[in-house]
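The values are calculated or read from the model by the stated rules, or taken from the named source; none is laboratory data. These figures come from a predicted structure and were not determined experimentally. Heads up, the Cβs are rebuilt from the backbone with ideal geometry, glycines too, and the neighbour counts pull from every protein chain shown.
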Amino acid sequence: MPQLLIELFSEEIPARMQANAARDLERMAREKLAAAGLLPEALTAFAGPRRLTLVAEGLPAAQPDRHEEVKGPRTSAPEQALDGFLRKNGLTREQLTEKDGVYFAHLHRPGRQTAEIVAEMLDAIVRGFPWPKSMISGVSRLRWVRPLKRILCVFDREIVPLNIDGIVAGDLTEGHRFMGSKQPFRARDFDEYQAGLARNSVVLDPAERKERILDAARTLCFARNLELVEDEGLLEEVAGLAEWPVPVMGEMDPVFLELPPEVIRTSMRVHQRYFAVRNPATGQLAPNFITVANIAAKDGGATIAAGNAKVLSARLSDARFFWTEDQRTKLADRLEKLKGVTFHAKLGTMYERVERIAALTGELAPYVRDDEGTRAKAVEAARLAKADLGSGMVGEFPELQGVMGGYYAEKEGLDPEIVDAIRQHYRPQGPNDAVPVQAVAATVALADKLDTLVSFFGIDEKPTGSRDPFALRRAALGVIRILLQTKTRLPLRRFCSDDLLAFFADRLTVLLREQGQRHDLVAAVFALGDDDLVRIVARVEALAGFLGTDDGRNLLAGYKRAVNILKAEEKKGALPSGDPQAVPGAPAEEAALIAALAGVEGRLADALEREDFERAMRELAGLRGPVDAFFDKVLVNSEVAAERDNRLRLLVKVRDAMGRVADFSQVTG
C-alpha cells in the first residue's frame, strides 16, 4: 500500500523541544488521519536539529465510500427547521424518509483522495503546532519554532499539492549544513530519503545519534585508560544539537581539579555541554572532557578540542576565583545579605525564611531523634543552609545551592553532621534522588520542605492540574520519603492545615500505587484520621496482605453485607444502641458471633496499641467463620422486634470492630 513521507525543514530547533515535537507530530497526524477514516499500518516521527520527519506506511489511495443515515427534524417541526436540514445536507424533500414521526436522510459520500486529505491535514498541523515557544518570520507571517524553510510531502511517490503561506511542498530536501551537498536532493519515499540523508552526513534517528555519541566517546576514553562520566540528560541534549555527531576529547589544565568535582561537572555540562571524564582507578575526575562536534574535522578534531579547552579554561578560571573569594567570608556572616533577597512577595525575604526554617527545625528535631545535641546541631545547620545563596559560586552556578554551602562549612571546620545537613538539605530533589537519613540532615531537609509547603498553601498557591510552579508535589514527596525512610513518627496535623494534610494523602497514594499498592487501601486507612505516615503505611501493607487471603476477602464480603443492611435500616430510623446479648433460645450462630466479638475486642485493642497490624489482621480473620455462619443461618430482619434489634446491634459491633483497623467501606475489591 502507498507510503506518506513528510519533512518540515527549518532553522535550528532547540534540542529540548525535539522529543516532544516528534511525539506531537505523530499524535496530530494519527488523530487527523483517523478522523478521516485513514488508519496507517505504521506511523513514525523523527526529530533533529533542523527537521521534523513523519513516515506513514500502508495508507489507502483514497477514503472508502461512506453511507450513513442522518437524523433530521421531526415531521411536526416548523418548515424553517426542515429547510435548514435540507440545505445543510444538499438534499430535496423527496430524498427523505419518515420513521416514527422523524425525517431521515440516507447519504452517500464518495471517498476523497488521500493526497487531498493529507494536504488539509498538514496545513492544519503546521498552523496549529503546539510549540512551547515560536516566532513569526517571513512575508507569510507563518508561526513556527524557527523560520520554516521547506516542506517535503510525497504520497505514493507523488508530490502532494500544498502551499502553506508561500511555502510550496515538493520532493526536495537537503543534508548537513557544511558536510552535505550544496544542492538539494530528491526523495520520493522513505528509503530514498534516509539513504540521501546518510550520503549527506545526516543521521535521522535520534536514538542512532545517541548510540554513535556513546560508542565513540567510550572508545576515546578507553584509548587513554579513562572512563566516561555518563549523563543521560546531557546525551539527549547533545544528540539534538548535531546532525552528524562526532565526539572529540579535549584536555584542561590539571590545576582546575583542585575545584570541587561538582563545580567542574556543572561548568562542563550547563555552560559547554561537555561530558566529564574520570580515572577508573581512583574514581576522581581526569583533566579531560568530551565535546560533541557537528562535523568530522580534517585534523581529527584537534582545533575543536583546543578551542573548547580555551573556553572551558575561562569558565573554570572564574570558578577558581569564586572558590577562593567565597572562603574569605564565613557562612554566618553571609546571613545579613539574605535580608535583601526576596523569597516571595507574600512570604518575605530569604532571611525571614531562614528564621522560619530554623524555628521549625527545633520543633521537628525531637521527632527525628530526641536528643538535645541533635537538636542544637540541626538548628545551627538550618540557619546556615541557605547562606551560600549569597556566594559568588552559587551566583554563577545556581544548581550548586547547598552543595557549595557544604564545602564552605567543611572548610570552616564545622561539625561534620552540620556540613552533611547543609549539603543535603535540598534532597531528595526527584524520585531517584537519595534521601538524607542521618538525623541532623533529615531534620533540616524536613523543615525546608515543610516550610515551603505550609507557606505556599498558606497564601493559596496550590498545585492545579499539571501546573506546579513551586514544585510542591516534589516537596511533599520528599517529606514522605524522609519520614518513611527514617521511620520518623511525625504528627503531621500539628504542622499542617487540613487541605495540606489531604495533599499529603494524595501524594502518599501516588507513591504507594507506584510501589504496587491499591489506592483504595490507602483511602481506607487515611479515613481513620491518622496523620502518622509511618503507621499509615504499616496499616496499608498489613491490610493488603490480609485482603489477599481467603479469610480477608470473605470477611470483607461479610462486612459489606452488614453495612448494607445497617444503611437500609438507618433510613427507617435510628439504629438500636447498646451491646448485643446472648439470648436463650437464639440460634447458636448468633451466640457464637457474639462470643467471637467479645474475645476479639481485647486482643484487637492490644494489637493496635502495640501497632502490630499483622496481628490485628489475624484477629479479624478469626471473625470470618462466625460472620459467614451468622449470615448463612440467621435472619437479621426477624419479625420479633427484640430479635431484630439484637441482631442489628451485633452487626454494628462487627462494623465497628473492623472499622478500628480500616474503613472497609472504602475498599473496592
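Table for the structure above
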quantity	calculated
Among residues of the range 337-351, those that are closer than 14 Å to ALA387 by Cβ, touching an Asp or Glu at 6+ places or on another chain (Cβ under 9 Å) and either of a type in the set (Val, Ile, Thr) or in contact (Cβ under 8 Å) with a residue 40 or more places away in the chain (or both), counted	1
Helices (runs of 4 or more DSSP H) enclosed by the range 396-489 - at least 3 residues per element that are closer than 25 Å to THR329 by Cβ	403-411, 416-424, 439-458
Some residue of the range 289-306 being under 25 Å from VAL403 (Cα atoms), outside the structural domain of MET179 (by TED's automatic domain parsing) and either modelled with pLDDT of 95 or more or assigned to a helix (DSSP H, G or I) (or both)	yes
Residue match in the range 238-259 (condition: assigned to a helix (DSSP H, G or I), under 34 Å from the mean Cα position of the chain (by Cα) and modelled with pLDDT of 95 or more)	yes
Residue in the range 638-662 that is farthest from LEU543 (Cα to Cα), counting only those that are under 52 Å from the mean Cα position of the chain (by Cα) and outside any helix (DSSP H, G or I)	ARG660
Single residue of the range 135-153 satisfying the filter (surrounded by 12 or more Cβ atoms within 10 Å (Cβ to Cβ) and assigned to a loop (DSSP other than H, G, I, E, B)) that is modelled with the lowest pLDDT	SER140
Given (1) crowded, with 19+ Cβ neighbours inside 10 Å; (2) of a type in the set (S, T, N, Q); (3) farther than 30 Å from GLN194 by Cα, number of the condition THR303 does not satisfy	(1)
Residues of the range 192-204 that turn out to be loosely packed, with under 15 Cβ neighbours inside 10 Å and under 23 Å from GLU232 (Cβ atoms), as a count	0
Selection from the range 617-637 of residues that are within 15 Å of ARG655 (Cα to Cα) and in a helix (DSSP H, G or I)	MET617, GLU619, LEU620, ALA621, ARG624, PRO626, VAL627, ASP628, PHE630, PHE631
Which listed residue is assigned to a helix (DSSP H, G or I) and at pLDDT 95 or above, from GLU325, GLU336	GLU325
Residue in the range 590-611 that is surrounded by fewer than 15 Cβ atoms within 10 Å (Cβ to Cβ), modelled with pLDDT under 90 and closer than 26 Å to LEU528 by Cα present	no
Verdict on ASP530 being surrounded by fewer than 17 Cβ atoms within 10 Å (Cβ to Cβ), assigned to a loop (DSSP other than H, G, I, E, B), modelled with pLDDT of 90 or more and not polar (S, T, N, Q)	yes
Residue identified as free of Cβ contacts under 8 Å to residues at least 24 places away in the same chain, acidic (Asp, Glu), over 30 Å from GLY552 (Cβ atoms) and crowded, with 19+ Cβ neighbours inside 10 Å among ASP420, ASP460	ASP420
Qualifying residue in the range 216-228 (condition: closer than 28 Å to ASP318 by Cα, at pLDDT 95 or above, of a type outside the set (Lys, Arg) and within 30 Å of the chain's Cα centre (by Cα))	yes
Sole residue being buried (at least 18 other Cβ atoms within 10 Å of the Cβ) and in the same structural domain as ALA305 (by TED's automatic domain parsing), chosen from PRO261, PRO247	PRO247
Odd one out for VAL277 among (1) at positive phi; (2) surrounded by 14 or more Cβ atoms within 10 Å (Cβ to Cβ); (3) within 36 Å of the chain's Cα centre (by Cα)	(1)
Check on ALA562, within 46 Å of the chain's Cα centre (by Cα), assigned to a helix (DSSP H, G or I), over 28 Å from LEU512 (Cα atoms) and not basic (Lys, Arg)	yes
Top-ranked residue in the range 181-191 [being basic (Lys, Arg) and at pLDDT 95 or above; ranked as surrounded by the fewest Cβ atoms within 10 Å (Cβ to Cβ)]	ARG186
Test: GLY301 is more than 35 Å from the chain's Cα centre (by Cα) and not aromatic (Phe, Trp, Tyr)	yes
